[in-house]
1. Cross-chain or 8 or more residues apart, Cα under 16 Å: how many lysine pairs in the chain fit that? Count them up, please.
2. May I ask you to order 173-180, 59-66 by the average number of other C-beta atoms within 10 Å around their residues, highest value first?
3. Distance from the Cα centre of the stretch 153-174 to that of the stretch 77-141, in angstrom?
4. With a ≥ b ≥ c taken as the square roots of the eigenvalues of the C-alpha gyration tensor of the chain, please select rounded if a/c is under 1.5 and otherwise prolate if a/b is larger than b/c or oblate if it is not?
5. With the other protein chains left in place, how much accessible area per residue, in square angstrom, belongs to the chain at a 1.4 angstrom probe?
6. Net charge within 12 Å of ALA33 by Cβ-Cβ distance, Lys/Arg positive one each and Asp/Glu negative one each, not counting ALA33 itself?
7. When a/c is below 1.5 the answer is rounded, else prolate if a/b is larger than b/c, else oblate, so apply that to the stretch 102-208 with a ≥ b ≥ c taken from the square roots of the Cα gyration tensor eigenvalues.
8. Beyond 19 Å, what share of the Cα-Cα pairs of the stretch 34-92 is found? Please give it as a whole percent.
Amino acid sequence: LTIALILSVLAFACMSARAEIAGQVLLASDAVAVRAGKALPLKPGMMIEDKDTLRTGKTGNLQLRFTDNSTLSLREDSEFAIEEYRFSGRADGQERAFYRLLKGGLSTITGLIGHIQRTNYRIDTAKATIGIRGTEFTLMLCQGGCLNADGSKARDGLYGGVIGGIVAATTKSGEFRFGMGEAFFAPSIDRSVEKLTAPPVFLQQAAKSSQSSG
């Protein structure tokens, strides 16, 4: 009886320590998940977990489907952290999807998380925090490497393009909302978010790539 009790306690401890499965890899090239300090090369079919940090190389790409049926395409030379992910299989208000874009860019179509309580979904960056109202959008964090169509260097900061729904970009200056077909630029967490007359070429390319892969 004592041995059985010990085994039960150990089994429960292992289950409690098991990481939350966040999603599954659809496509991967030159991409890794950093988990418990180790870089795991990613392949289609592998599972992504809560607390993973995802990285793509200079010629890499990564496409995921999360358990709430959202999809994410991570561009080359990017880094994306899953800070907290929780989903029981239904939107009951307890779900969480808190991410951080550290480098590079992404395209995403959101799923069930955030549709009941929008505060349960966000993407943090150094320039702004991105929230949703049920949407599809692209982001690009430019840090010296983004080029405009004419070859000139784009301003550093966070660029975003809304393909569907509404995106709310928040800085210390307040919340700024953008709808379908609109593009925006956040130069700093301390400044207002600017509405752009047209999305820059690197956002247009990301949107086309996301649509073709979907």
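The values are calculated or read from the model by the stated rules, or taken from the named source; none is laboratory data. On a predicted model such as this, the values are computed, not experimentally measured, just so you know. Cβ: placed from backbone, ideal geometry, glycine included. Neighbour counts: every protein chain shown. These area figures cover heavy atoms from the full protein model, side chains too; ligands, DNA and RNA do not enter into them. Shrake-Rupley method; radii C 1.70, N 1.55, O 1.52, S 1.80 Å.
1. Summing the qualifying lysine pairs gives 5.
2. 59-66, 173-180
3. Between the Cα centre of the stretch 153-174 and that of the stretch 77-141, the gap is 14 Å.
4. Here the chain falls in the prolate category.
5. On a per-residue basis, the chain sits at 51 Å².
6. Working: positive: ARG35, LYS38, LYS43, LYS51, ARG55; negative: GLU49, ASP50, ASP52, GLU79.
Net local charge, ALA33 excluded: +1.
7. Working: a/c = 1.84, a/b = 1.40, b/c = 1.31.
Prolate, since a/c reaches 1.5 and a/b exceeds b/c.
8. Result for the distance tail: 29 percent.
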